[in-house]
Amino acid sequence: MENPFLNAQKQIEKTALKLKLDKKTIDFLKKPMRELKFDVSIKMDNGDIKTFPGFRIQYNWARGPTKGGIRFHPKETIDTVRALSAWMTWKCAIADIPFGGAKGGIICNPKEMSQKELENLSREYIKQIAEFIGPNKDIPAPDVYTNSQTMAWMLDEYEKIVKHHAPGVITGKPLELGGSKGRTKATGFGVAINIREATKVMEIELRGAKIAIQGFGNVGVYTAKSLEKMGAKIIALSDSKGGIYNPNGISVEQAIEYKQKNGSLKGLKDTKEISNEELLELECDILVPAALENQITKENANKIKAKIIAEAANGPTTPEADEILHKNNVFVIPDILCNAGGVIVSYFEWVQNITGNYWEEEKIDEKLDEKLTKSFSQMVVTAEKENVDNRTAAYILAIKKVVDAMKLRGWV
Ligand code: GLU
């Protein structure tokens, strides 16, 4: 298995060359500013005490309080959290929101835990990091296998500790606790906006375009829904148990209903079973990896037939695969821009919490579209001007902003 943090560092080095950064600045950028590593011990339903390793990594706060989600995953490692916290830093910079980057994680299997155990885990996690987070310090959010309920428990625990309300400490909350309209769908909707822009560059008609989506969690579901609404045809979908395929199109609503009832997509009528690997190599116009990191590697990059890859997941493409895709003229929408819709609406949520002024969904969708479209066009212009791939262009824009802030603070 590739180490995502080494990949994240390679991406920084590649960009540093373009930006002609000095060694001291590069060394600063290549490591997190603060790492918290701790035990999260909880009582399980059977009365046993179990301990899970937990992390919160605050990568860089030159541009503002750090921001980023919390994952509950059995395969979590400190290096995945390090990589994800770096990617959050660049994501907030390219999205032009005033945050640094962070990420958190607990090594656990939430699918084998009860709601009560998950609540205990969420509360205990917050106890461990409470002094290091806050609306002006570090602001967590949902990520893989966490959701608005997880955020509600975490908010409640934090407020018990600080003894006052502080909705701006965490985003992705339920609406009733100060969440934002449009936040649940924001990441997937943002992926669809990016795809809409990419089809204009590639001169592909979005109406009727064939889409394959790997991953059917929050991001995969809302990407599929938004693209279907824009007239595209979803021909393949998958979850951790495998994929389904129908070249004539799959109804997203039916897929959601079926998965809710049966626990997986497998067996949906009028679809053929395919593996997650086969899905990536399907004949389609647009491929959306919306699951985990390291899916497109040097082993399969040459077999990809899609003209556009929209990285809804964080880190789905390795640096070696990137070079192959660039050579093959595949238009990659890099993760730090492609899935930035989530953190952009998290920012809107934080602004609403701080001002106490709440917005309608229409206004949020519009502002999100405006922000993403602007960043997308800056990336395309930079890629052309610097004669680099889209990811390097996005990194040039993002890392320059972080370095400028570091310089102004006198850090480098
Ligand atoms: N976890 C999401 C991401 O990777 C959202 C982070 C946030 O809203 O802070 O971008």
(request) Kindly indicate whether any position in the range 111-122 is buried (at least 21 other Cβ atoms within 10 Å of the Cβ) and hydroxyl-bearing (Ser, Thr, Tyr). (result) yes
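Kindly indicate whether residue 322 is out of contact with any Leu (no Cβ under 8 Å at 6 or more places or on another chain), away from the ligand (no atom under 16 Å from the Cβ) and of a type outside the set (Ser, Thr, Tyr).
Values: out of contact with any Leu (no Cβ under 8 Å at 6 or more places or on another chain): yes; away from the ligand (no atom under 16 Å from the Cβ): yes; of a type outside the set (Ser, Thr, Tyr): yes.
Spelling it out, residue 322 is indeed out of contact with any Leu (no Cβ under 8 Å at 6 or more places or on another chain), away from the ligand (no atom under 16 Å from the Cβ) and of a type outside the set (Ser, Thr, Tyr).
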(request) Could you list all residues from the range 145-168 that are within 11 Å of the ligand (Cβ to nearest atom) and hydrophobic (A, V, I, L, M, F, W, C)? (result) 151
(message) Taking the conditions exactly as written (among the hydrophobic types (A, V, I, L, M, F, W, C) and more than 16 Å from the ligand (Cβ to nearest atom)), does residue 17 satisfy them or not?
(response) yes
(request) Looking only at the range 222-234, decide whether some residue is part of a strand (DSSP E or B), closer than 20 Å to residue 304 by Cα and without any contact (Cβ under 8 Å) to a residue 60 or more places away in the chain. (result) yes
(message) Looking for something touching a residue at least 40 places away in the same chain (Cβ under 8 Å), aromatic (Phe, Trp, Tyr) and within 14 Å of the ligand (Cβ to nearest atom) - is there at least one such residue anywhere in the range 188-202?
(response) yes
(message) Here is a list: 294, 314, 339, 353. Which entry is polar (S, T, N, Q), surrounded by 24 or more Cβ atoms within 10 Å (Cβ to Cβ) and modelled with pLDDT under 95?
(response) 314
(request) Would you tally the residues in the range 198-219 being closer than 14 Å to residue 307 by Cα and among the polar types (S, T, N, Q)? (result) 1
(request) Considering each of 400, 371 in turn, give the residue that is surrounded by 17 or more Cβ atoms within 10 Å (Cβ to Cβ) and either within 16 Å of the ligand (Cβ to nearest atom) or under 21 Å from residue 86 (Cα atoms) (or both). (result) 371
(message) Name the single residue that is farthest from the chain's Cα centre (by Cα) among those in the range 121-144 being of a type outside the set (A, V, I, L, M, F, W, C) and within 11 Å of the ligand (Cβ to nearest atom).
(response) 138
(request) For the range 152-208, name all the residues that are assigned to a loop (DSSP other than H, G, I, E, B), surrounded by 20 or more Cβ atoms within 10 Å (Cβ to Cβ) and among the charged types (D, E, K, R). (result) 173, 181
(message) Based on this model, can you work out whether residue 286 counts as over 24 Å from residue 221 (Cβ atoms), away from the ligand (no atom under 16 Å from the Cβ) and not small (Gly, Ala, Ser)?
(response) no
(request) Specify the residue that is farthest from the ligand (Cβ to nearest atom); the eligible residues are those in the range 66-88 that are touching a Pro at 6+ places or on another chain (Cβ under 9 Å) and over 14 Å from residue 4 (Cβ atoms). (result) 74
(request) Find the residue count for the range 103-120, including only residues that are of a type in the set (S, T, N, Q) and within 15 Å of the ligand (Cβ to nearest atom). (result) 0
(message) Please go through (1) in contact with a helix residue (DSSP H, G or I) (Cβ under 6 Å, 6 or more places away or on another chain); (2) at positive phi; (3) not aliphatic (A, V, I, L, M) for residue 47 and return the number of the only condition it doesn't satisfy.
(response) (1)
(request) Would you mind finding the one in 56, 34, 63 that is surrounded by fewer than 24 Cβ atoms within 10 Å (Cβ to Cβ) and within 16 Å of the ligand (Cβ to nearest atom)? (result) 63
(message) Going by what's in this entry, would residue 146 be described as crowded, with 17+ Cβ neighbours inside 10 Å and not in a loop (DSSP other than H, G, I, E, B)?
(response) no
(request) Just give me the residues in the range 353-412 being part of a helix (DSSP H, G or I), in contact with a Lys or Arg (Cβ under 8 Å, 6 or more places away or on another chain) and aromatic (Phe, Trp, Tyr), in sequence order. (result) 395
(request) Could you tell me whether the range 40-48 includes any residue that is within 16 Å of the ligand (Cβ to nearest atom), under 24 Å from residue 147 (Cβ atoms), crowded, with 20+ Cβ neighbours inside 10 Å and not acidic (Asp, Glu)? (result) no
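Could you please find all residues in the range 275-286 being in contact with a strand residue (DSSP E or B) (Cβ under 8 Å, 6 or more places away or on another chain) and closer than 23 Å to residue 73 by Cβ?
Step one: of the range 275-286, the residues in contact with a strand residue (DSSP E or B) (Cβ under 8 Å, 6 or more places away or on another chain) are 275-276, 278-280, 282-286.
Within the range 275-286, 275, 276, 279, 280 qualify.
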(message) I'd like to know if the range 299-311 contains one or more residues that are within 16 Å of the ligand (Cβ to nearest atom), surrounded by 18 or more Cβ atoms within 10 Å (Cβ to Cβ) and closer than 28 Å to residue 77 by Cβ.
(response) yes
(message) Could you go through the range 221-237 and let me know if any residue there is buried (at least 21 other Cβ atoms within 10 Å of the Cβ) and either within 21 Å of residue 350 (Cα to Cα) or acidic (Asp, Glu) (or both).
(response) no
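The values are calculated or read from the model by the stated rules, or taken from the named source; none is laboratory data. Bear in mind the structure is a predicted one, so any value in this text is a computation, not a measurement. Here the Cβ is made from the backbone with ideal geometry for all residues, glycine too, and neighbour counts use every protein chain on show.
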